[in-house]
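Working notes for the structure below.
Any read-out appearing in this document is the output of simple, stated calculations on the displayed coordinates, not a laboratory observation. Note that the structure is a prediction, hence the values are computed from the model and not measured. Virtual Cβ from ideal backbone geometry, glycine too; neighbours counted across all protein chains shown.
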Amino acid sequence: DSFLNGSLSVTATVGNDSVAFAIATTTPDISSAITLNGQVIARRDSLFLTILPSQFYMNDVKWNIAGGSKIEYSDKYLNVQGVSLSSGLQKISASSELQNNDKSLVITTENLDIGQLGSWAGLAAYQPDGRINGTIRIDKIFKELYIAANIKATGVLLGTDTIGTVNIIGSYDGTKKLASLDPQTGIY
């Protein structure tokens, strides 16, 4: 029930177990353009992805992906280094850390605009506003998944109604299928 009007360009150079790629879309409305550049190398059972400087638009807002981001994947192993997306003051970063002899994926957000996220999530009618900062840690991704989050939204508004500060501190234990919220979770 929708009409796609635009073009897709994919350029790839393949050789010696590697693929260098450039993927770009163009549309009459720039709000959905994407440019993704990088290289994938295959070695035995592992894939090594390096992302070169790239960009995309989400709700008419340009997001940049920093060059040099590296992702390594093999069976039950994920290593992420230097993945960084930014748009003005907004920033999302992801990296792996060694935690108890196991890799953890840590995602950090800085100054995310609730209004932009609300538009993307279909909540624009509520006119959300405010900023989100926080950290999400994902442990044991491939076995006994455990997720811990510490997220704070400040200056939260819904239209002209002031909500204030929203804290979400909690965890999810995949083996027990149990979500827990810390007593500090709430609206202030």
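Under a straight-distance cross-link criterion of Cα-Cα below 16 Å, which aspartates and glutamates are reachable from LYS152, leaving out those fewer than 8 residues away in the same chain? Hits, sequence-local ones excluded: GLU110, ASP113, ASP129, ASP182.
Helix-only estimate, please: 222 nm mean residue ellipticity of the chain, summing -39500 (n - 2.57) across DSSP H runs of length 4 or more and dividing by its residues, to the nearest 500.
For the chain, the value works out to -1000 deg cm²/dmol.
The loop-placed chymotrypsin sites (Phe, Trp or Tyr not before Pro) in region 106-182, going by DSSP, that have at most 12 neighbouring Cβ atoms within 10 Å of their Cβ come out as PHE142. Put a plus charge on the Cβ of each Lys and Arg, a minus charge on the Cβ of each Asp and Glu, and nothing anywhere else: the dipole of region 55-177 about its Cα centre is then about 220 debye.
Alpha-carbon geometry of the chain: the Rg and the Dmax are 19.3, 59 Å, given in that order. Exposed loop sites here are trypsin sites (Lys or Arg not before Pro) assigned a DSSP state other than H, G, I, E or B and surrounded by at most 15 other beta carbons within 10 Å; excluding them, the longest clear run of the chain is 77-142. Relative contact order for the chain: 10 percent, from Cα pairs under 8 Å spaced at least 6 residues apart, divided by residue count. Mind checking which lysines have their Cα closer than 18 Å to the Cα of LYS140? Skip sequence neighbours fewer than 8 apart in that chain. List returned: LYS76, LYS103, LYS176, LYS177. Listed by chain and number, the aspartates and glutamates whose C-alpha is less than 14 Å from the C-alpha of LYS70, apart from same-chain residues fewer than 8 away, are GLU97. Here the relative contact order of region 88-179, from alpha carbon pairs under 8 Å that lie six or more residues apart, stands at 21 percent.
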